[in-house]
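First the structure, in the form of structure tokens, and then the observations on it.
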Amino acid sequence: MDSEKAIAAIKEAKPPATDRFTYLTIVETNISPAVLPTLNEVLQDAELTQEIGWDLVYNLVNLPGSDECLETIARLGNPREVILKVLETLELLSQDDGYQSDDESEAGETNGEKSVPFKQKFITLVNMLSILHKRIKTKYPSRFLATSLQTIYSTYRPNHEMTAAVINLVRSLAGNKRPPLPTRKSSVNVANPDQHGDATKNAPDPEADKVTEDPTETAIQERLLLSFATCILESFVNKNDVAWAPRLLEFYNPEKIVPGRKTLMARFREEKELSEKDGAVGQLVALIADLGLSSCDKTFLSQVSEGPLHTDPLSKSEDISKPEDIGLLTGGCVILLAYWVFSTTVFDSDHPVPDMHIFPNHLAMLEKFLQDDAEDQILKAPGTVQALVTIGLWLHDKGLISEIPKASLVNQTTSPDGPTSDYMSYILCVTLIAVFHPQLHVRNAASCLAGLVLHADPADDDRLKILYDLLENCDYASLKACAITWLREELIAAAPNAQAAPQNLAAPNNQAPLPSPTLQPGAATPGTRSRAGTNMNVFAGPQALETVQYVVFPNMDSLKELDLQELVQNLGTNAPFFLQAVNFALFLWSSADKWRRVLPPNLDATVKERWFAPLKDAVAKVKKAVDSGEVEGRELGSLQFDLDVLGERLSRLEAAEGFAVEK
């Protein structure tokens, strides 16, 4: 009965029975899902809708089933006023909603009635904008478009449905001038009223400018859409792990895949949720290509690696007078590059690939993104950072290390600003990713890339210097553990009749096994020339261990001065480094005859006294305290595992023939 009264009131009060302000109040008072069909009939009056339609947007979008009414308002209302109201509504709803995840698909209830989830409200409002912007007739339509794109970007949530709506909007406004490029299809689709609706119902712009559109407007709007598309691409990849770096490692190293374990490559092929991520990114990349960015020329690469860092190009819309004033989001461009090299390699797709090298181009990209607060940048943009690692892995695989020929690098003298500095800077950037990235498989991929680039340095004394610097100055135990692994690989590669380096003996604490950058015999180390002017590789004799012995096997007597709590904290923090150092000692002294050529005289005796004995006693003391219940804490399980492994490895080292400890 209440619905019947509401419908009657909306019909009977329609102007001229009442003035428009009174009628608007009556509509807002009686609005509910039951009256929507009647209201849509009333809104077919274009003159009335131009006067009141814009003021109904907020209330209508919160009602289930209001899409037809809102589409009518988009087609018949005053486009300028309705656009402003749509953008205001988007911002208000976004603030009320906060961040919602992809799981937000079910409508809740408000006062006993179903409410519309923000995801659906966003899609409906974006659909309205795809109609409204094509109705505006003004000299500078880009000014309206720039404001809309900025608001959409700030309220966008990177889920599949919202992404599909955004793609529909851009394709609609871009005009589909040519067929879209082939792409990996997505099964996620949303309604597109501009494409499937009846454009003949659109009313003319009642405030149309009498002057014609500025000649540069088409190019400016296309550039705005392209910039917007790069922003959406980065936002989507930063919130949806696409696992490009670890998948690329699987592709490059099939022999290292654990038998029986499902690979990421297989999971992204077979699991719908993961394959939809590939599909969405593929559609965004195809959209960017349709908007004109489909080549990887020197100008584009120069902008990405050497140009300014554009973090919010849509915010400068008020200063636009020509297309060149509009930047592309640098992070989005990096992700585009990573997608091109990844899909070309893994999917055998037909995409451009960059003509660049690790030095200087990729180093410049890394420094640009990590130059200020590296930890904050990595955590804020994990997808962009993974894209950087992906590009680095691809460049290394293609042998694109440096623009300078290897022979020229080898013959140069080490200087603070020379190749050593470049390799050191590069490895520092990549190891920061290996420490701070939130995803384990990206940390592992970054560790692998750092090792690969270290081994690619053609001067062995450079490599030794970098290893020493990492072991002495690095604050992160997991990276010091990686440095020991790389040191072992250098010794193996420099050995007579060298074989490929083995897998890591153990992974750092709380990490999966790290992909070991394999050194092939004769690659990087054998046959290279030390900058000291000798053909003798520093890793082929005792010089390397003589240099690093005090940072690999430091004096551990200080552990004796710590109380139990301090000792627990020390072992827990440094367990990855201690474990890898013990593994390295086992490597050296379990086959002492084999590695005698690299062992400095009496190294075993000094290591036993300053490092082995204090460490063994400390591990035993803490293990006893843990077993007796004296030590508690959330990380107890992990600590107990580390202590068990350390204790077992130390016992094996103690019994090693080349490291016989006197009892």
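Quote the accessible area belonging to Ser115 in square angstrom, nearest 10, computed with a 1.4 Å probe and with ligands, DNA and RNA left uncounted.
Only protein atoms counted, so the area is about 30 Å².
Please give the helix 160-174 orientation as an angle from the longest Cα principal axis of the chain, in degrees from 0 to 90, rounded to the nearest 10.
The helix 160-174 is inclined about 60 degrees to the chain.
Averaged per residue, what accessible area in Å² does the chain show with a 1.4 Å probe, protein chains only?
Numbers: 29510 Å² over 663 residues.
It amounts to 45 Å² per residue over the chain.
Classify the stretch 19-77 as rounded, prolate or oblate from the Cα gyration tensor: take a ≥ b ≥ c as the square roots of its eigenvalues, call it rounded if a/c is under 1.5, otherwise prolate when a/b beats b/c and oblate if not.
Oblate shape, in that a/c is at least 1.5 and b/c is the bigger or equal ratio.
Run the accessible area of the stretch 30-94 with a 1.4 Å probe and give the carbon-and-sulfur part as a rounded percent.
Heavy-atom surface of the stretch 30-94 belonging to carbon and sulfur, 1.4 Å probe: 47 percent.
Can you show me the helix-derived [θ] at 222 nm for the chain, built from DSSP H runs with n ≥ 4 at -39,500 (n - 2.57) apiece and divided by the number of residues, rounded to the nearest 500. Walk me through the numbers before you get to the answer.
Details: 31 runs with 391 residues, N = 663.
Calculated from helices alone, the mean residue ellipticity at 222 nm is -18500 deg cm²/dmol.
So, taking all protein chains as they sit and a 1.4 Å probe, how much accessible area belongs to Glu68, in Å² rounded to tens?
Counting only protein heavy atoms, the figure is 130 Å².
When a/c is below 1.5 the answer is rounded, else prolate if a/b is larger than b/c, else oblate, so apply that to the stretch 1-100 with a ≥ b ≥ c taken from the square roots of the Cα gyration tensor eigenvalues.
oblate
Determine the order of Met356, Met536 by accessible area, beginning with the largest, at a probe radius of 1.4 Å.
Of Met356, Met536, the descending order of accessible area is Met536, Met356.
Compute the distance from the alpha-carbon center of the stretch 453-474 to that of the stretch 119-159, in whole Å.
What the calculation gives is 52 Å, centre to centre.
Ordering Lys560, Lys616 from largest to smallest accessible area (1.4 angstrom probe), what's the sequence?
My answer, sorted largest first, is Lys560, Lys616.
Using a 1.4 Å probe on the protein chains only, how many percent of the accessible area of the stretch 221-353 belongs to carbon and sulfur?
48 percent
Label the stretch 192-262 by shape, choosing from rounded, prolate and oblate, from the square roots a ≥ b ≥ c of the eigenvalues of the Cα gyration tensor; if a/c is under 1.5 it is rounded, and otherwise prolate applies when a/b is larger than b/c, oblate when it is not.
Verdict is prolate for the stretch 192-262.
Could you give the dipole magnitude of the chain about its Cα centre, charging the beta-carbon of Lys and Arg +1 and that of Asp and Glu -1, in debye to the nearest 20? Walk me through the numbers on the way to the answer.
Working: 61 positive and 91 negative charges, 384 e Å.
In debye, rounded to 20, the chain gives about 1840.
Rounding to the nearest 10 and keeping the result within 0 to 90°, find how far the Cα-based axis of helix 613-627 lies from the longest principal axis of the chain.
Helix 613-627 and the main axis of the chain meet at about 50 degrees.
Let me check something: with ligands and nucleic acids excluded, how do Asp422, Asp97, Asp205 order by accessible area (1.4 Å probe), largest to smallest?
Working: Asp422 60, Asp97 35, Asp205 15 Å².
Listed by decreasing accessible area, they come as Asp422, Asp97, Asp205.
Report the trypsin sites (Lys or Arg not before Pro) located in the stretch 305-400 that are in a DSSP loop and have at most 15 other Cβ atoms inside 10 Å of their Cβ, or state none.
Lys398
Under the definition of Cα pairs under 8 Å and six or more residues apart, what whole-number percent is the relative contact order of the chain?
Value for the chain: 8 percent.
Positive end of the charge dipole of the stretch 535-663 (Lys, Arg +1 and Asp, Glu -1 on Cβ, about the Cα centre): tell me which of Leu564, Gly633, Leu643 has its Cα farthest that way.
After comparing all options, I get Leu643.
Going through the stretch 260-302, which GluC sites (Glu not before Pro) have at most 15 other Cβ atoms within 10 Å and a DSSP loop state? Don't jump to the answer; show the numbers that get you there.
Values: sites: Glu270, Glu271, Glu273, Glu276; in loops: Glu271.
Those satisfying the criteria are Glu271.
Per residue, what volume in Å³ does the convex hull of the Cα atoms of the stretch 237-387 enclose?
Hull volume normalised by residue count: 140 Å³.
Rounded to a whole number of µm²/s, how large is the Stokes-Einstein D of the stretch 285-369 at 25 °C and 0.890 mPa s, given Rh as the Kirkwood radius over C-alpha pairs?
177 µm²/s
Run through all the Cα pairs of the chain and give the fraction in each 20 Å bin from 0, expressed as whole percent.
It works out to 16, 39, 27, 14, 4, 0, in whole percents.
Which distance in nm do the two modelled labels at Lys624 and Leu564 give, with both placed 7 Å along the Cα-to-Cβ direction?
1.1 nm
Which value in nm describes the separation of the simple spin-label points at Gln640 and Glu255, placed 7 Å from the Cα toward the beta carbon?
4.0 nm
With the alpha-carbon atoms as the only input, what is the per residue convex hull volume for the stretch 325-376 in Å³? Before the final figure, lay out each step's value.
Details: hull volume 6.7 nm³, N = 52.
Looking at the stretch 325-376, the number lands at 128 Å³ per residue.
The values are calculated or read from the model by the stated rules, or taken from the named source; none is laboratory data. Bear in mind that the values here come from a model prediction, so they are computed numbers and not experimental data. No Cβ is skipped: glycine too gets one built from the backbone with ideal geometry, and neighbour counts run over all protein chains shown. Side chains are part of the model used for accessible areas, which takes the heavy atoms of the whole protein and leaves out ligands, DNA and RNA. Shrake-Rupley method; radii C 1.70, N 1.55, O 1.52, S 1.80 Å.
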